[in-house]
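Read through the structure below, which is laid out as structure tokens, and then see the notes.
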Amino acid sequence: MEKNLTSRSEDYSKWYNELVVKADLAENSAVRGCMVIKPYGYAIWEKMQAELDRMFKETGHQNAYFPLFVPKSLFEAEEKNAEGFAKECAVVTHYRLQNDPDNPGKLRVDPEAKLEEELVVRPTSEAIIWNTYKGWIQSYRDLPLLINQWANVVRWEMRTRLFLRTAEFLWQEGHTAHSTKKEAIAEAEQMNDIYAEFAQNFMAIPVVKGLKTESERFAGADETYCIEALMQDGKALQAGTSHFLGQNFAKAFDVKFTSKEGKQEYVWATSWGVSTRLMGALIMTHSDDKGLVLPPNLAPNQVVIVPIFKTEDQFDEITNVVTPLMKTLRLKGVTVKYDKRDTLRPGAKFAQHELQGVPLRIAIGARDLENGTVELARRDTLTKETATLEGIEDKVVALLKEIQSSLYHRALEYKNTHTTKVDTFEEFKNVLETKGGFVSAHWDGTIETEDKIKEITKATIRCVPLDSENEEGKCVFTGNKSLKRVLFAKAY
């Protein structure tokens, strides 16, 4: 497997695109703007999916599935949501093809098969789900309704990039209904916390929890919570969002419940989601010029064992040692692969596993058997050490924990050193151009100022951090009064 990558310093964008393809994660498909997620990439997504699904169910959520198609009349029922997504929608207008009389062997859309009402291919599922909830919710006894679905969505994109922005992508979307505003807000905050916990404990990515500004808020939401991550090129990436929808969708779809007091009231709603965009975040946070770097908690193979041998007898002797070792490691919860392919030399195997980000590599040869040792190679630090075979299982488990922690703290240090407070617009522009990262600055709270800063610098307000303290100051652009700092950054 060829592994020569463009360096990050030379061309970060090209480095990313090459890495995704060469590490066998995904590739562009015959369908414009859509990707094929290859088995290795999908294995990482499956691990993400499994952990998130567990976390959702531990907080009382259940999975369901809703249609891919949304009748246009339902889609436009909540006006802000419809307007916000209108330009990204793929629309089905006909239901049949026919042989083309002017081009033998070809097909055309049957002009007589026009749908009575167009169907929108879901860019998000609030409309179809809230129309369904109307039949599920009658009384306070039906609440809270805590539903999640794992699905694909389509948002028509002109400029696409594997994992980060594709016309079709995979995600989960939670949609919940509650009897009170307080309960719905608590749900939206809880799910944002779960996303942050997942990012930090599994992806080894430190994130900032915050609120979106009005102009960056989800279309149809009263409030959008988010987690923002910082990539190695100093750009931010929105890694997850959780929306407090108020009663907007309940009113649009007439979803009411009878309260304990016997009154008819509209329910309160949330929606929340993360997507395969997390794969892009994982790649760009940790990887290096040699390839992918995966945190052990999400690596398809946490450990790979490579035998080094010249004869079949040596291979058999090594295998006799490796087999019980793998069994013990698996009992300890470690995913391990024995790379016994005879089509590649050990050096080529090392290169492949380095490119694909396997956290820990164990090499064992005939001489190692004689000495009762193995060679351990860490992907995060690219360091090697010789360790004794006896007790190696416990050492492997300890090393994997150390690698997971090391990756998180390395990313945390980067985030901290690339979060800069500024008080003038000159400083603001200078930091963005020379250093990048999050810029903490005062803002006067107006959309006009937000838009002007974006127009001049291409930086957007990523969030109003939830842990930010009130601090009187002057807007970095207008000089008008400001009560707290917000985080700006250039973003994906």
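These residues, His442, His94, go from largest to smallest accessible area, 1.4 Å probe, as His94, His442.
Under 15 Å from a point placed 7 Å out from the Cα of Glu455 along the Cα-to-Cβ direction: which residues of segment 462-492 have their backbone N that close? It comes to 477-478, nothing else. 3J(HN,Hα) along segment 124-133, derived from phi through the Karplus expression 6.51 cos²θ - 1.76 cosθ + 1.60 where θ = phi - 60°, amounts to 5, 10, 3, 4, 5, 6, 6, 5, 6, 4 Hz, with x in place of Gly and Pro.
Rolling a 1.4 Å probe across the protein heavy atoms gives segment 227-269 an accessible surface of 36 Å² per residue.
Averaging Cα coordinates gives a centre for segment 198-250 and one for segment 314-372; these two points are 41 Å apart. Counted over the chain, the DSSP beta bridges are approximately 80% antiparallel.
In a DSSP loop and with at most 15 other Cβ atoms within 10 Å, the GluC sites (Glu not before Pro) in segment 1-54 are Glu2, Glu10.
Charges were assigned to the Cβ only: +1 to each Lys and Arg, -1 to each Asp and Glu. The resulting dipole of the chain about its Cα centre is roughly 340 debye. Shown here for segment 86-191: GluC sites (Glu not before Pro) in loop regions (DSSP other than H, G, I, E, B) with at most 15 other Cβ atoms within 10 Å, namely Glu112.
The calculated FRET efficiency for the pair Trp150 and Asn320, based on their C-beta separation and a Förster distance of 41 Å, comes to about 0.45. Just the protein heavy atoms count here, and of the accessible area of segment 298-346 at 1.4 Å, carbon and sulfur take up 52 percent.
Using only Cα atoms, tell me the angle between helix 425-434 and the longest principal axis of the chain; keep it within 0 to 90° and round to the nearest 10. It works out to around 40 degrees. Once each of the trypsin sites (Lys or Arg not before Pro) sitting in a DSSP loop with at most 13 other beta-carbon atoms within 10 Å is removed, the chain keeps 160-259 as its longest stretch. Against the chain, whose longest principal axis is taken from its Cα atoms, helix 12-22 shows a tilt of about 70°.
Any of Lys209/Lys454; Lys182/Lys256; Lys182/Lys212; Lys395/Lys415; Lys22/Lys415; Lys209/Lys263 with alpha carbons more than 25 Å apart? Name them for me. Checking Cα-Cα distances, Lys395/Lys415; Lys22/Lys415; Lys209/Lys263 exceed 25 Å. For segment 378-386, putting each phi into the Karplus relation 6.51 cos²θ - 1.76 cosθ + 1.60 with θ = phi - 60° gives couplings of 8, 6, 6, 9, 6, 9, 10, 8, 9 Hz, in residue order, rounded to whole numbers and with x for Gly and Pro.
Sparse packing (at most 16 other Cβ atoms within 10 Å of the Cβ) combined with a DSSP loop state is found for the following chymotrypsin sites (Phe, Trp or Tyr not before Pro) in segment 71-143: Tyr95. Take the Cβ atoms of Leu68 and Asp193, set R0 to 22 Å, and the FRET efficiency comes out at 0.15. How far, in degrees from 0 to 90, does helix 346-355 lean away from the longest principal axis of the Cα atoms of the chain, to the nearest 10? With rounding to tens, the tilt is 20 degrees. Using the 1.4 Å probe convention, the accessible area of segment 400-463 works out to 52 Å² per residue with neighbouring protein chains retained. The separation of segment 13-70 from segment 102-122, counted between C-alpha centres, amounts to 30 Å. Mind scanning Lys421/Lys490; Lys38/Lys72; Lys80/Lys134 and naming the pairs with a C-alpha gap bigger than 27 Å? Over 27 Å Cα-Cα: Lys38/Lys72.
The values are calculated or read from the model by the stated rules, or taken from the named source; none is laboratory data. The model shown is predicted, which means the values in this text are computed figures rather than measured ones. Cβ: placed from backbone, ideal geometry, glycine included. Neighbour counts: every protein chain shown. Side chains included, ligands, DNA and RNA excluded: accessible areas come from the protein's heavy atoms. Shrake-Rupley method; radii C 1.70, N 1.55, O 1.52, S 1.80 Å.
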